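Let me begin by handing over the structure; questions about it come next.
Coordinate-derived values only; no laboratory data. Here the structure is a predicted model, which is why all the values come from computation and not from measurement. For neighbour counting, all protein chains shown are included, and Cβ atoms are generated from backbone atoms with ideal geometry for every residue, glycine included.
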Amino acid sequence: NSNFRLTSSLRPPSLAVFLFLGGSFFKGDLCRPIEATKSPYMSWVCQTTYRHKVMKTSKAGLDLIKHFEGCELKAYECAGGVLTWGWGHTRNVIENGEISQEKADELLIQDIEEIESQVDSLVTVELNQHQWDAILSWTFNLGCGNLRSSTLLKVLNEGKYDKVSEQILRWDKA
């Protein structure tokens, strides 16, 4: 098994690929791929799937989102020119405003729950927890509209799991 260490040079879409392929995200930024059962790139296919349940983002998925979003309590304009605060929250942000850490955490959970609902309605195939977390992280970063209109979603819903990583990387523009 190889060990990986996350670095700030890896961008969210790259980490989404890592998670989609079965990587794990641990406290302290240590990542380790799941033991391969068929090949290093197909190990996630053999994991138990949970699609018949309404899936929720795991702590590892939440930690991944937090790692890349960072938390800014004072309102700021993101690279896309949108007022933002907290963990990447963009609705009802007040220019020059400030929120508490508690409010930022509350908004993050609300945002994730909203995205979970939308992703659940868009994805029609079974996913394991790593795959769900990867798609959720990607969607949190790039938006439900981008997922809805993406080739990524089409490929995923066709069950072409081996092609999903390529689609995720197409969005790695940061």
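What share of Cα pairs, in percent, lie more than 17 angstrom apart in region 46-174? Let's see the in-between values first.
On the way: 4860 of 8256 pairs.
Tail of P(r) above 17 Å: 59 percent of Cα pairs.
Can you work out the Karplus-derived ³J(HN,Hα) for every residue in region 56-70? Use 6.51 cos²θ - 1.76 cosθ + 1.60 with θ = phi - 60°, whole Hz, and x for glycine or proline.
Result, ordered by residue: 10, 5, 7, 4, 4, x, 4, 4, 5, 4, 4, 4, 8, 6, x Hz.
May I ask for the net charge around Phe140, where only other residues with Cβ less than 9 Å from the Cβ of Phe140 are counted and Lys, Arg are +1 while Asp, Glu are -1? Provide the component values of the computation, followed by the final result.
Numbers: positive: none; negative: Glu69, Asp111.
Within the 9 Å Cβ shell, the charges total -2.
Cα-Cα over 23 Å: which of Lys59/Lys160; Lys66/Lys103; Lys59/Lys163; Lys74/Lys103? Please list the in-between numbers first.
Details: Lys59/Lys160 26 Å; Lys66/Lys103 15 Å; Lys59/Lys163 26 Å; Lys74/Lys103 12 Å.
Table pairs above 23 Å Cα-Cα are Lys59/Lys160; Lys59/Lys163.
A follow-up question, please. How do the peptides 160-168, 99-107 rank, highest first, by the average count of neighbouring beta carbon atoms within 10 Å per residue?
On the way: 160-168: 18.7, 99-107: 14.2.
Listed from highest to lowest mean packing, they are 160-168, 99-107.
Nearest 0.05, what FRET efficiency do His67 and Ser117 give at R0 = 35 Å with Cβ-Cβ as r?
Values: r = 23 Å, r/R0 = 0.66.
Efficiency, from the Cβ-Cβ distance: 0.90.
With label points built 7 Å along Cα→Cβ from the Cα atoms of Thr151 and Glu98, find their separation and express it in nm.
4.7
If packing is taken as the average number of other Cβ atoms within 10 Å across a peptide's residues, how do 73-86, 129-142 rank, most packed first?
Values: 73-86: 13.7, 129-142: 25.4.
Packing order, densest peptide first, comes out as 129-142, 73-86.
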